[in-house]
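The values are calculated or read from the model by the stated rules, or taken from the named source; none is laboratory data. As the structure is a computational prediction, the values presented were derived from the model and not from experiment. Please note: Cβ atoms are built from the backbone with ideal geometry, for glycine as well, and neighbour counts cover all protein chains shown.
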Amino acid sequence: MATHTISAQPTHSRWNRSLEPRLEIDSGDTVHMECVDSSGSQVRPGMEVEEFLEIDRGRIHALTGPISVKDSALGDTLEIEVLELRHKGWGWSSVLPGLGFLKERFGEPFLFHWALEGHVTRSLFPAFVPLRPFCGVMGVAPADPGEIRTRPPGPFGGNMDVRELCAGAKLYLPVFNRGALFSAGDAHAAQGDGEVCINGIECPADVTLRFRVHKNRRLTGPLIESSEAILHDTSADSWIVVESAPDAAAAARAATSRMIDLLAERWGFSPVHAYLLCSVAMKLRLSQVVNEPMFTVSAALSKQILPPGKLFSR
């Protein structure tokens, strides 16, 4: 089984099954991929928000690939084993008018720069955010012809932003075209469930993946196999905000907004810093969907990333 290396450039920011593959490999091979940050190297450490607003949004996601896997075709499944992801010491998160889960509350543009240590960042004091890098976009070429924007995910994978796709995980994708034509990018050093401010910690990264083709094993959409390290999560103790409503999105927005208020009131974060922290560290989940007509959503932040504190003083 061979090992290959592929540089980031030239990146692509559209899915297109007609793109020529930049690398051809055999099933079982390993690939070291260089991935630029989601802006396509337009954002740099120290950039001011005014300059950030002028970047070319058409270059967002800046994917590395496509990689053609020999002997893969329609009706097969491509297995991608995530062996390693390494950030490069810096990242960024932003708030943009009209985007994000709380766009009505946060309408002012904002850009935040993160200094990344090996497995943590202390940039958003007093929070202590653990880093667990993963690629927000991992996918094969879709079945439909022509250029397709990378923002919406689909049965081919794509912009799924599933935080469990870190080292140790396996991703299984249905193949729609000969060679599969796999691409990846949009690396995040950390991200909370929901990615509520629209960014995780966006960062460049070096990614190592192993590919296997499963012949005549058809999936209808992406399937993820989490590693044992992920399953044995030591951050069970959390601050959890719970909201219920007939509309799940309304409940989730209310829970997120209340978490921001809690961070501001109890730990002294500014609201926009609390919004960023929720975007990179909060777990936003549907707790129940069966007690009709109400949905329950929980928003959780691990106590490990915050200084010790009590909800109410005695």
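Against the test of being out of contact with any Lys or Arg (no Cβ under 6 Å at 6 or more places or on another chain), closer than 23 Å to Met33 by Cβ and charged (D, E, K, R), the options Arg105, Arg149, Arg122 yield a single qualifying residue, Arg149.
Anything in segment 81-109 that is surrounded by fewer than 18 Cβ atoms within 10 Å (Cβ to Cβ) and under 16 Å from Met47 (Cα atoms)? List them, or say none. Gly89, Pro109 - these are the residues of segment 81-109 that are surrounded by fewer than 18 Cβ atoms within 10 Å (Cβ to Cβ) and under 16 Å from Met47 (Cα atoms). There is no residue in segment 284-298 that is of a type in the set (Phe, Trp, Tyr), more than 30 Å from Gly179 (Cα to Cα), in contact with a helix residue (DSSP H, G or I) (Cβ under 6 Å, 6 or more places away or on another chain) and at pLDDT 95 or above.
Of Asp193, Asp161, all but one fail to be acidic (Asp, Glu), touching a Leu at 6+ places or on another chain (Cβ under 7 Å) and surrounded by fewer than 24 Cβ atoms within 10 Å (Cβ to Cβ); the exception is Asp193. Screening Ser183, Ser123 for residues that are within 17 Å of the chain's Cα centre (by Cα) and either at pLDDT 95 or above or farther than 21 Å from Val69 by Cα (or both) leaves exactly one candidate, Ser183.
The set of residues in segment 196-209 being modelled with pLDDT of 95 or more and either in contact with a Leu (Cβ under 6 Å, 6 or more places away or on another chain) or not assigned by TED's automatic domain parsing to the domain that holds Leu83 (or both) consists of Ala205, Val207, Thr208. For segment 243-271, filtering for residues that are over 20 Å from the mean Cα position of the chain (by Cα) and either closer than 11 Å to Gly192 by Cβ or of a type in the set (A, V, I, L, M) (or both) leaves 11. Pairs are defined by a Cβ separation below 8 Å, a sequence spacing of at least 6 or placement on different chains, a first member in segment 182-207 that is within 16 Å of Ser302 (Cα to Cα), and a second member that is aromatic (Phe, Trp, Tyr) and outside any strand (DSSP E or B); the pairs so defined are Gly194/Phe101. Evaluate the following for Gly139: is it among the small types (Gly, Ala, Ser), in contact with a Gly (Cβ under 8 Å, 6 or more places away or on another chain), surrounded by 15 or more Cβ atoms within 10 Å (Cβ to Cβ) and under 30 Å from Asp261 (Cα atoms)? Answer is no for this residue. Count of segment 245-270 residues, restricted to those that are assigned to a helix (DSSP H, G or I) and either surrounded by 15 or more Cβ atoms within 10 Å (Cβ to Cβ) or in contact (Cβ under 8 Å) with a residue 40 or more places away in the chain (or both), is 16.
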